[in-house]
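Student: Here it is, the structure, as structure tokens.
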């Protein structure tokens, strides 16, 4: 059954939440008195549709329905989650919370607050613990972390929040104690304050400061954060050694510490002017698309390396496989008579080239993923490979029959043309809906990873391959099999 | 002529400098009294050899020679650059600087100091301005940023430093005024201090703090830094709007401000223990390799998107093309009789799969890059493509004849088999040295990017293709051309 979320407040953050829920198959009901709310959320949603569906290697569920409502009461009728992202003023939040209570809604209300503590949110609550901090980061539809903070009475709300957020492919970071601004924004504030001083004092421009970050420690923090980065810097001598070296520096008079530069018009103009010089040739929408393309690429690279935010994404993908019909063993197939579903995903942003379509090498990326899935299904599992057996591709023939764009849903079905001894001859067909996009014909050889030479597969793998090969031999031969490049049709 | 650098101090930073110079073709002379220096630098160098050569899309020059010397005087004999990375104590640095002056060396001395100002470095200097801050970030062989800070007399040293650093593929960030700790380390200190408080007060563990960063704003900072990220967050209303919203928060009592937690044994044990629980299952060497694999992937993804550190890398690649024999036009070929060099690069870390070798899709990635180079050479330039003409690949046949590993140098040579009307039939051969790794046979069709249908190329492109096709028709036909998958040899 479709789940439904209420989104109270439809700005950048609320719109990001709406997109995250919708693209993960939830229906979304929005309340925002701003007459521009529908347009604004539409723009966030357009960005999310462009970037999120291809992030993982498994297709997302069909998008949910979005609707807009004129009162809090109407909005939260029948929902299973309420996410509050109204302006960051406690009296506004309390007013909305009282409206929620008045409807009789007993579920959890997550607040996107970046600064308020859960004890402040729950002040005056009929059921303390119903309101908890669920603080996400922009863009909400791509960044996985959500800071979750509750009052002591909110333990059940935390359990529920974790389940909902994990279902959205997010990472609930449950903080043990409440503190102003939670964790991440305290860091951001410390850096922001220091950066204002550096600009004001003429040490560096906004662009130079950004470059100091993104050409340096920003690339480290995207994967390891602070402590693990320093653990590496400490080397074999370890974390204690690093702290002995770096700890004393903290008493040096480096940063501006608690001084806050006065927010004069001059300072605002200085920073806004430098920012225009740095990025003014790109609109905010263009910058957002660039940012999202980079984020998708980073997270997908980390997924390839099974690390950080990419490892989170992989776990989410695996959880989604059954919903799209992907199985991990031939034994789990309902039916072996037809071609086997070996891939069902969305074309991601990093697969697009200068011609504006999926680039040729990524066709093979998708076909290779389909081959990997078939290998897994016949028993060539990570454990089997760790013991020294695998398949190497010897030869590949691809026909590019139609274009695919970023965001297209694609599926690959695979036949075992032949499986004799060490050879595995596969035929892949890649489609978008009914449209045949490409065929791939592949000859693989089973090898020993020790000798790197051809060697027979295990009897179990041979048996499963034979099972598929015999079933698929009964199908009509696919058009294009055995074709050479440039041969007449 | 080979250039030579002196590396004074061979720790993590000095070793990183040694690797960066060596892998960019410089000879390197090292001074470090530590009897373990050669082993330690060897370990850094092994990591650098694994990751740096494949970072760009153009092969690096042959590696330089490294030698170890027992005095400063011997080390800097005949060098064109001195990089000082001795311990972070001013009296040690001054002692080394006086030894350098005593040899009569008049070139620039870059100091890796993270904290000292150039006025402090040049105190007592015979020639003020000879010593300047060149502060890199770990790992020096991968992260491009170097903070360059000079005293007013050091203007010529800055010019020289920029030329040397850019030649190493680095980004010299020249700060206009000196300040303790330059720019980036001021941010790192602010965050470090705040993080220590959060751990000490039991708000979050080291792992939770790292996750708050790497699943969130770390992914933003790796590409846009601080101000551009906030520019985007401010939306169409602009940077001033963002500052009006966020500026006032700075007076809230969020961060611990100037309080520094006392560095007790308990705090050190708490943090070291949490760090062990988080990352202790991986050795520092393993963590370094993971970090470097991720960094290579990030920078290469950014290069694909022509953004941030990747745009820097692309500029460095283009500058290197002539040195490896790559040209941008058929007219620049010394000779059109033989197959054309269309790729010369090193296999990067992100091209390796679970079988420990270059994965099949990346063979096509390399072959597609070779096709792109041939297109460029015949006149299908970015400007031509922007006007609406391009080639689409219709069909591909790849034979995987041998494995390639990360770090292998590979080259592709290309023949034009036929070029008739809208068709371009190519034959690529990929080699590591003399070893044939793969062949690629490709049929491409010239299209209109407006109609997405076949259309004739410009007369200039047809003429250049014909020129190559006629020359290559005189060569013996390549073995394997016209082959279908699974056909007998």
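Student: Looking at the structure I just gave you, is residue A:395 within 11 Å of another protein chain (Cβ to nearest Cβ) and out of contact with any helix residue (DSSP H, G or I) (no Cβ under 8 Å at 6 or more places or on another chain)?
Tutor: Yes: the conditions hold for residue A:395.
Student: Out of all the residues in the stretch A:144-152, is one or more in contact (Cβ under 8 Å) with a residue 60 or more places away in the chain and within 22 Å of residue A:302 (Cβ to Cβ)?
Tutor: There is at least one residue in the stretch A:144-152 that is in contact (Cβ under 8 Å) with a residue 60 or more places away in the chain and within 22 Å of residue A:302 (Cβ to Cβ).
Student: So residue B:277 clears everything in (1) at pLDDT 70 or above; (2) surrounded by 15 or more Cβ atoms within 10 Å (Cβ to Cβ); (3) more than 7 Å from chain A (Cβ to nearest Cβ); (4) within 22 Å of residue A:239 (Cβ to Cβ) except one condition, right? Which one?
Tutor: Every listed condition holds for residue B:277 apart from (2).
Student: Looking at A:133, A:164, A:159, A:140, which one is out of contact with any helix residue (DSSP H, G or I) (no Cβ under 8 Å at 6 or more places or on another chain) and in contact (Cβ under 8 Å) with a residue 40 or more places away in the chain?
Tutor: Numbers: A:133 fails: out of contact with any helix residue (DSSP H, G or I) (no Cβ under 8 Å at 6 or more places or on another chain); A:159 fails: in contact (Cβ under 8 Å) with a residue 40 or more places away in the chain; A:140 fails: out of contact with any helix residue (DSSP H, G or I) (no Cβ under 8 Å at 6 or more places or on another chain).
Exactly one residue qualifies, and that residue is A:164.
Student: Can you tell me which of (1) modelled with pLDDT under 95; (2) in contact with a helix residue (DSSP H, G or I) (Cβ under 6 Å, 6 or more places away or on another chain) is the one residue A:103 doesn't meet?
Tutor: For residue A:103, the failing item is (1).
Student: Here is a follow-up. Quick one: residue B:297 ticks every box in (1) at pLDDT 85 or above; (2) touching a helix residue (DSSP H, G or I) at 6+ places or on another chain (Cβ under 6 Å); (3) under 24 Å from residue B:186 (Cα atoms); (4) within 7 Å of chain A (Cβ to nearest Cβ) except a single one, so which number is it?
Tutor: (3)
Student: Take residue B:123 and decide whether it is out of contact with any strand residue (DSSP E or B) (no Cβ under 8 Å at 6 or more places or on another chain), surrounded by 22 or more Cβ atoms within 10 Å (Cβ to Cβ) and either more than 30 Å from residue A:283 (Cα to Cα) or more than 7 Å from chain A (Cβ to nearest Cβ) (or both).
Tutor: no
Per-residue answers, yes or no, for (1) closer than 28 Å to residue A:290 by Cβ; (2) within 24 Å of the chain's Cα centre (by Cα); (3) surrounded by fewer than 21 Cβ atoms within 10 Å (Cβ to Cβ); (4) without any contact (Cβ under 8 Å) to a residue 60 or more places away in the chain:
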position: A:11; (1), (2), (3), (4): yes, yes, yes, no
position: A:36; (1), (2), (3), (4): yes, no, yes, yes
position: A:49; (1), (2), (3), (4): yes, yes, yes, no
position: A:69; (1), (2), (3), (4): no, no, yes, yes
position: A:73; (1), (2), (3), (4): no, no, yes, yes
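Student: From the list A:165, A:219, A:143, A:175, which residue is under 30 Å from residue B:312 (Cβ atoms) and surrounded by fewer than 24 Cβ atoms within 10 Å (Cβ to Cβ)? Steps first, please.
Tutor: Details: A:165 fails: under 30 Å from residue B:312 (Cβ atoms); A:219 fails: surrounded by fewer than 24 Cβ atoms within 10 Å (Cβ to Cβ); A:175 fails: under 30 Å from residue B:312 (Cβ atoms).
Going through A:165, A:219, A:143, A:175 in turn, just one is under 30 Å from residue B:312 (Cβ atoms) and surrounded by fewer than 24 Cβ atoms within 10 Å (Cβ to Cβ): A:143.
Student: Having 2 or more residues that are at the interface with chain A (Cβ under 7 Å from one of its Cβ atoms) and either within 27 Å of the chain's Cα centre (by Cα) or closer than 30 Å to residue A:311 by Cβ (or both) is the bar; report the helices (runs of 4 or more DSSP H) wholly within the stretch B:134-226 that clear it. Explain how you work it out, then say what you get.
Tutor: Values: elements: B:155-167, B:184-200, B:206-212, B:218-224.
By residue number, B:184-200, B:206-212, B:218-224.
Student: Output the residues belonging to the stretch A:227-237 that are farther than 21 Å from residue B:173 by Cβ and more than 7 Å from every other protein chain (Cβ to nearest Cβ). Before you say what the answer is, go through the steps one by one.
Tutor: Here is the first cut: in the stretch A:227-237, the residues farther than 21 Å from residue B:173 by Cβ are A:227-228, A:230-232, A:234-237.
Those that are farther than 21 Å from residue B:173 by Cβ and more than 7 Å from every other protein chain (Cβ to nearest Cβ): A:230, A:234, A:237.
Student: Shifting gears a bit: Looking at the stretch B:2-31 only, could you name the residues that are assigned to a loop (DSSP other than H, G, I, E, B), in contact with a strand residue (DSSP E or B) (Cβ under 9 Å, 6 or more places away or on another chain) and closer than 15 Å to residue B:112 by Cα?
Tutor: B:9, B:10 - these are the residues of the stretch B:2-31 that are assigned to a loop (DSSP other than H, G, I, E, B), in contact with a strand residue (DSSP E or B) (Cβ under 9 Å, 6 or more places away or on another chain) and closer than 15 Å to residue B:112 by Cα.
Student: Among strands (runs of 3 or more DSSP E) lying entirely in the stretch A:375-478, which contain 3 or more residues that are over 23 Å from residue B:438 (Cα atoms)?
Tutor: Values: elements: A:389-400, A:409-420, A:423-432, A:435-448.
Those strands (runs of 3 or more DSSP E) span A:409-420, A:423-432, A:435-448.
Student: Does at least one position in the stretch B:321-335 carry a residue that is within 14 Å of chain A (Cβ to nearest Cβ) and buried (at least 17 other Cβ atoms within 10 Å of the Cβ)?
Tutor: No - not one qualifying residue is present in the stretch B:321-335.
Student: Only one of these conditions is not met by residue B:104: (1) free of Cβ contacts under 8 Å to residues at least 24 places away in the same chain; (2) surrounded by 24 or more Cβ atoms within 10 Å (Cβ to Cβ). Which number is it?
Tutor: (2)
Student: Let me ask you something else. For the stretch B:441-470, what are the residues that are surrounded by 17 or more Cβ atoms within 10 Å (Cβ to Cβ) and within 11 Å of chain A (Cβ to nearest Cβ)?
Tutor: Within the stretch B:441-470, B:441, B:442, B:443, B:444, B:445, B:447, B:449 qualify.
Student: For the stretch A:381-389, indicate whether the set of residues that are crowded, with 20+ Cβ neighbours inside 10 Å, assigned by TED's automatic domain parsing to the domain that holds residue A:440, touching a residue at least 12 places away in the same chain (Cβ under 8 Å) and in contact with a strand residue (DSSP E or B) (Cβ under 9 Å, 6 or more places away or on another chain) is non-empty.
Tutor: Just the residues of the stretch A:381-389 that are crowded, with 20+ Cβ neighbours inside 10 Å, to begin with: none.
The answer is no; no qualifying residue exists.
Student: Residue by residue through the stretch A:329-357, note down the ones that are touching a strand residue (DSSP E or B) at 6+ places or on another chain (Cβ under 8 Å), farther than 18 Å from residue A:415 by Cβ and touching a residue at least 60 places away in the same chain (Cβ under 8 Å).
Tutor: Scanning the stretch A:329-357 gives A:345, A:346, A:347, A:351.
Student: Looking at A:424, A:430, A:377 in this structure, which one is more than 14 Å from every other protein chain (Cβ to nearest Cβ) and crowded, with 21+ Cβ neighbours inside 10 Å?
Tutor: The match here is A:377.
Student: Quick one: which residue in A:484, A:477, A:438 is over 21 Å from residue A:421 (Cα atoms), surrounded by fewer than 16 Cβ atoms within 10 Å (Cβ to Cβ) and touching a strand residue (DSSP E or B) at 6+ places or on another chain (Cβ under 7 Å)?
Tutor: On the way: A:477 fails: touching a strand residue (DSSP E or B) at 6+ places or on another chain (Cβ under 7 Å); A:438 fails: surrounded by fewer than 16 Cβ atoms within 10 Å (Cβ to Cβ).
Residue meeting the stated conditions: A:484.
The rows are residues; the columns are (1) in contact with a helix residue (DSSP H, G or I) (Cβ under 8 Å, 6 or more places away or on another chain); (2) under 19 Å from residue B:351 (Cβ atoms).
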{"position": "A:326", "(1), (2)": "yes, no"}
{"position": "A:330", "(1), (2)": "yes, no"}
{"position": "A:345", "(1), (2)": "yes, no"}
{"position": "A:348", "(1), (2)": "yes, yes"}
{"position": "A:365", "(1), (2)": "yes, yes"}
{"position": "A:369", "(1), (2)": "no, yes"}
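The values are calculated or read from the model by the stated rules, or taken from the named source; none is laboratory data. Predicted model, so just to flag it, every value in this text is computed and none were measured. Cβ coordinates were reconstructed from backbone atoms using ideal geometry, including for glycine residues, and neighbour counts include every protein chain displayed.
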